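Nothing in this text is a laboratory measurement; each read-out follows from the coordinates by a stated rule. None of the values given here were measured: they were computed from a predicted structure. With ideal geometry, Cβ positions are generated from the backbone for all residues, glycine too; neighbour counts draw on all protein chains shown.
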Amino acid sequence: MSDKQDWPELVRGVPQGLELGLRNYWYPIIQSEELPADKPLGLKCLNEDLVVFRDGQGRPNVLYDRCPHRFVKLSSGRVLDGQLQCAYHGLRFDGQGACVLIPWEPEAGQEQLSKVCAKHYPCTEIGGYVWAYLGEVERFPPPPIETCIPEELLYPDRFVHFRLDTEEWDANWLLVIDGSDAYHAVTLHMESQFHEAVERYLAAGGDAAHAKPLTPLADRRVKIVETDGHGLRGVSVDLEGNMLDHGHRLDKIKGERFNLPGLVSNLLRPTSNAAPYVSRLFQVPIDYHRTRLFRYAAWRIEGPDDRERLKEHFEKVVKPRQMKTAEEDKEMARVAGDLVESRANEVLFAPDRDMIRIRRRLAAAYVAQQTQNVRAPADEPTPTPASLVFPA
Ligand SMILES: [Fe+2]
């Protein structure tokens, strides 16, 4: 990207500031059931302290977690009549951050109240997540959220999705996103994702608790293939060049594998004859050292019976595998260490191409906001609701 010279770099390829997040996007910030009905919750996102609380109608609201009066955290306060009350001197704020009560000035008018506004972010709740538009609303007006999130969250009559627990990783978010390269699966996840090989092991009388591929580790090689529309993949082959099934689909897939600011989508097939599902992973910076991840699996459904059947399939087969894969990825992100040190010392190879493209898209989007006052470069695809087309 030519515009990277327009902005100072933290380290090669990382514009200064991007390490703390890419603002002006809709982010999932918490799962619905993690937010109580009657208590505020403080959490950090994109290096900023936020407070989330439910108002009288149960709707979530997001404010900057500081009382405009004496700068203490509003999340130490309480929810009263659907309003957030600061614990310190009792100022109360509504979901838009407007001060509605100064306890020692019960007669205060609008003029006086408007002097103490808490910063507020647009917020909504869809698909079991609380979403916030973390950005400068006037400079970059938020697009309708329906145009930014995957379609299965919007049409629960046509899709079913099952969420995993929220994860927090000890790694910078850019290192976490680096893990979206599609060729490490055949090495890092060789035990957790090698479905057909595992099935053959089980069919040969292997023990399910210790299921592993029949082809020994030492006899496996990686072949890089270009998929039809979805970038590079690694496939595992044995010494004769026979492909071992690794659970990813290689046939034609439409849509983006990566959407700004941090959504990775993968089409997976849990067993050789099971319906494929889409694995979605939202990667949200907490601060320089930590990242929060939201992960779910989604299927297209024909009717309500599918929902029950897939729930069982998810719990028994998909969820344990997703959790194991997540642990493996988490460990790699952690041991990558410091972002600056890692980027300064890495040596990249040809199959790192797709990862490099994602890095460039993130850097270009950040620099475009800073220098051109635009939300994403012109060549960046608009985040589409259906970033992967489900097989019918
Ligand atoms: Fe991975």
Item to complete: Determine, for each peptide in 10-19, 178-187, 327-336, the mean count of other beta carbons within 10 angstrom over its residues, then list the peptides with the highest first.
Response: 178-187, 10-19, 327-336
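How much length would be gained if the chain were fully extended between Glu125 and Ile356, taking 0.36 nm per residue of separation minus their Cα-Cα distance, in nm to one decimal?
Values: separation 231, 0.36 × 231 = 83.16 nm, distance 3.30 nm.
Extra length available between Glu125 and Ile356 comes to 79.9 nm.
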Practice prompt. Sort the following peptides by mean Cβ neighbour count (other Cβ atoms within 10 Å, averaged over residues), highest first: 126-137, 155-166.
Written response: 126-137, 155-166
Worksheet item: Among 77-89, 287-299, what's the highest-first ranking by average C-beta atoms within 10 angstrom per residue?
Response: 287-299, 77-89
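Would you compute, from DSSP H runs of 4+ residues alone, the mean residue ellipticity of the chain at 222 nm, taking -39500 (n - 2.57) per run and dividing by the full residue count, rounded to the nearest 500?
Values: 10 runs with 80 residues, N = 392.
Mean residue ellipticity, 222 nm, calculated: -5500 deg cm²/dmol.
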Worksheet item: Taking the Cα centre of the chain as the origin and placing charges on Cβ (Lys, Arg +1; Asp, Glu -1), which of Pro28, Ala376, His69 is farthest toward the positive end of the dipole?
Response: Ala376
Item to complete: Extending each Cα 7 Å along its Cβ direction at Arg12 and Gln372, get the distance between those two points in nm, one decimal.
Response: 2.5 nm
Worksheet item: Between Asp238 and Ser32, how many nm apart are label points set 7 Å from Cα along the C-beta direction?
Response: 4.8 nm
Item to complete: Filter the DSSP H helices in the chain by two things, a Kyte-Doolittle mean of at least -1.0 and an axial alpha-carbon span of 15 angstrom or more, and list the hits by number.
Response: 353-367
Item to complete: Please work out whether the stretch 222-348 counts as rounded, prolate or oblate from its C-alpha gyration tensor, where a ≥ b ≥ c are the square roots of the eigenvalues and a/c under 1.5 means rounded, while otherwise a/b larger than b/c means prolate and anything else oblate?
Response: oblate
Item to complete: Work out the FRET efficiency for Glu105 and Ser76 from their Cβ-Cβ distance, taking R0 = 22 Å, and round it to the nearest 0.05.
Response: 0.50
Worksheet entry | Sequence-distant residues sharing a close amide H with Leu244 (under 5 Å, placed H) | Ser236, Val237, Asp238
Worksheet, complete the sentence: Per the beta carbon screen (other Cys under 4.7 Å), unpartnered cysteines of the chain come out as Cys45, Cys99, Cys117, Cys123, Cys148
Worksheet entry | Cross-link table Lys73/Lys119; Lys39/Lys330; Lys39/Lys73; Lys44/Lys119, entries beyond 23 Å C-alpha to C-alpha | Lys39/Lys330
Item to complete: Identify, among Thr227, Pro40, Leu348, the residue whose Cα sits farthest towards the positive end of the charge dipole of the chain, taking +1 on the Cβ of Lys and Arg and -1 on the Cβ of Asp and Glu, with the dipole about the Cα centre.
Response: Leu348
Response to the item:
Simple SL model, points at 7 angstrom along Cα→Cβ for Arg59 and Lys316; separation in nm is 4.2 nm
